[in-house]
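None of the figures in this text is laboratory data; all of them are computed from the coordinates on show. Predicted model, so just to flag it, every value in this text is computed and none were measured. Neighbour counts are summed over all protein chains in view; Cβ atoms, including those assigned to glycine, are modelled from backbone coordinates with ideal geometry.
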Amino acid sequence: MNLADHERGKKFKGDYTDALNAVQERLWQLQVAHIVHKRAAIIVLEGWDAAGKGGIIKRLTSNWDPRFFEVVPIAAPSAAEKARHFLWRFWQHLPAHGHIYIADRSWYGRVLVERVEGYASEPEWQRGYGEINAFEAQQAAIGTTIVKLFVHITQETQDREFAERLDDPWKQWKTGAEDYRNRARRGDYLVAIDEMLARTSTELAPWQIIDGNNRKAARIAALIAIADALEARVPMTPPTLDPDFEGMARAALAKP
């Protein structure tokens, strides 16, 4: 996988609103399919700061029943979490049957930010690739669908987004000094991202790269990628209505 192949930032062709409505309707049916067929899914979104992950998640879940999905934003681990294996805190959120877990950043922090910033030793993050692959294989083995997207943007795009956040008082809360520390180490992150993609894209849990340099095109591409991956692993036929229940219900509704 070559990140440079995903930097064109082409504008979305067609009517964005129509395309968004169509894929959101499809995603709504997919959530229902997971509920009624008792299937679980994990959707991982990784990417650069200000790449648009939040906007993708907002549009992904806009038509979903909130009782059957969870968005888990990942921050720095707590003291209790640091005292355990790095995957421990993620086990707490794994989806039950009928549920979908959306990771706004994820266990890949071990081989990205923890690697680059020195929070994990080299033996720890080197071991992390195999531990992550085994962890995801365990989830796939019990029927959980795993979808992994990396949203890529250029430095120019990121700087434009950072400037917009600085200039808008209602967006300033979304940025901080950490963004600029990470920006200064972009080269190191590129090395880590390339190795992550190469070593953790598996048949059961492949990575897909989204060109995030045009917001609208990126959102549609991401939602379609998620829908395609989910639909490949869940039956899209609704269950048969129980005839006894249907007879009772229609009789009740027919009464004046």
Diffing segment 205-210: the Karplus 3J(HN,Hα) column from phi (6.51, -1.76, 1.60, θ = phi - 60°), in whole Hz with x for Gly and Pro, holds 9, x, 7, 10, 9, 10
The FRET efficiency for Glu178 and Glu156, from their Cβ-Cβ distance with R0 = 25 Å and rounded to 0.05, is 0.75
Expected sort for 124-131, 71-78, 111-118, 207-214 on mean C-beta neighbours within 10 Å, highest first, is 207-214, 111-118, 124-131, 71-78
If the chain between Arg185 and Glu7 were fully extended at 0.36 nm per residue, the gain over the current Cα-Cα distance would be 62.2 nm
If Thr237, Thr145 are placed from fewest to most neighbouring beta carbons inside 10 Å, the sequence is Thr237, Thr145
Whole-Hz Karplus couplings 3J(HN,Hα) for segment 119-133, θ = phi - 60° and coefficients 6.51, -1.76, 1.60, Gly and Pro as x, run 6, 10, 6, 4, x, 5, 6, 5, 5, x, 4, x, 5, 5, 4
Candidates His37, His99, His152; GNM for the chain (alpha-carbon contacts under 10 Å) flags as most fluctuating His37
Once both label points are put 7 Å beyond Cα along the C-beta direction, the Val72-Arg127 separation in nm becomes 2.1
Scalar couplings 3J(HN,Hα) for segment 181-189 by Karplus 6.51 cos²θ - 1.76 cosθ + 1.60 (θ = phi - 60°), nearest whole Hz, x for Gly and Pro, are 5, 5, 4, 5, 10, 4, x, 5, 5
Once normalised by the length of the chain, the mean sequence separation of its alpha carbon contacts under 8 Å that are 6 or more apart gives a contact order in percent of 34
In whole Å, largest first, the alpha carbons of segment 3-254 cover along the principal axes 69, 44, 33
Sorted on mean Cβ neighbours within 10 Å (highest first), peptides 53-63, 81-91 come out as 53-63, 81-91
With +1 on the Cβ of every Lys and Arg and -1 on the Cβ of every Asp and Glu, the dipole magnitude of segment 3-254 about its Cα centre, in debye rounded to the nearest 20, is 220
Ordering 154-163, 11-20 by per-residue average of other C-beta atoms within 10 angstrom, highest first, gives 154-163, 11-20
So the FRET efficiency between Glu25 and Ala254, C-beta based with R0 = 41 Å and rounded to 0.05, is 0.85
